[in-house]
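**Q** Got a structure for you, written out below as structure tokens; questions coming shortly.
The values are calculated or read from the model by the stated rules, or taken from the named source; none is laboratory data. Since this is a predicted model, take the numbers as computed values, not measurements. Heads up, the Cβs are rebuilt from the backbone with ideal geometry, glycines too, and the neighbour counts pull from every protein chain shown.
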Amino acid sequence: MNVGVKAVELVAEMSVTKPTVTLTDKNGKQDTLAANPTMGGLLTGSLHNIPLPSAVADPALALKLDSNAMNDLWLAITWGKV
């Protein structure tokens, strides 16, 4: 049975007013977290342009964010049979 990552979603609670945060991977691919009014202004986003790793730790997922002004950052990984 092949198990792999199906989706990666991020939610950020900012400590300063910032409408977006850009995520960049090691190859320069980018995705964006944007303010979501239905979630009380938390920034939300998924990996669409940044490739998903083939498994949770193989290869490791490394992201650079253009801001560290966050009270909290949540990362949700969905995996299953592929």
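**Q** Go through the residues of segment 56-67 one by one and say whether even a single one is assigned to a strand (DSSP E or B) and modelled with pLDDT of 90 or more. Can you show your working first?
**A** Keep residues of segment 56-67 that are assigned to a strand (DSSP E or B), which gives 58, 64-65.
Adding the requirement that they be modelled with pLDDT of 90 or more leaves 64-65.
Yes: one or more hits.
**Q** Select from segment 4-22 the residues that are under 12 Å from the mean Cα position of the chain (by Cα) and either closer than 23 Å to Val82 by Cβ or β-branched (Val, Ile, Thr) (or both) and list them in ascending order. Spell out the reasoning first.
**A** Here is the first cut: in segment 4-22, the ones under 12 Å from the mean Cα position of the chain (by Cα) are 7-12, 21-22.
Scanning segment 4-22 gives Ala7, Val8, Glu9, Leu10, Val11, Val21, Thr22.
**Q** Quickly run through segment 5-38 and pick out the residues that are surrounded by 15 or more Cβ atoms within 10 Å (Cβ to Cβ) and in contact (Cβ under 8 Å) with a residue 60 or more places away in the chain.
**A** Correct list: Val5, Val8, Leu10, Val11, Ala12.
**Q** Here is a check on your reading of the model: is Ala76 touching a Leu at 6+ places or on another chain (Cβ under 8 Å) and loosely packed, with under 11 Cβ neighbours inside 10 Å?
**A** Details: touching a Leu at 6+ places or on another chain (Cβ under 8 Å): yes; loosely packed, with under 11 Cβ neighbours inside 10 Å: yes.
Yes.
**Q** Let me ask something additional. Hey, among Gly28, Gly80, Gly41, which residue is more than 11 Å from the chain's Cα centre (by Cα), assigned to a strand (DSSP E or B) and not β-branched (Val, Ile, Thr)? Show your work before the answer.
**A** Numbers: Gly28 fails: assigned to a strand (DSSP E or B); Gly41 fails: assigned to a strand (DSSP E or B).
Answer to the selection: Gly80.
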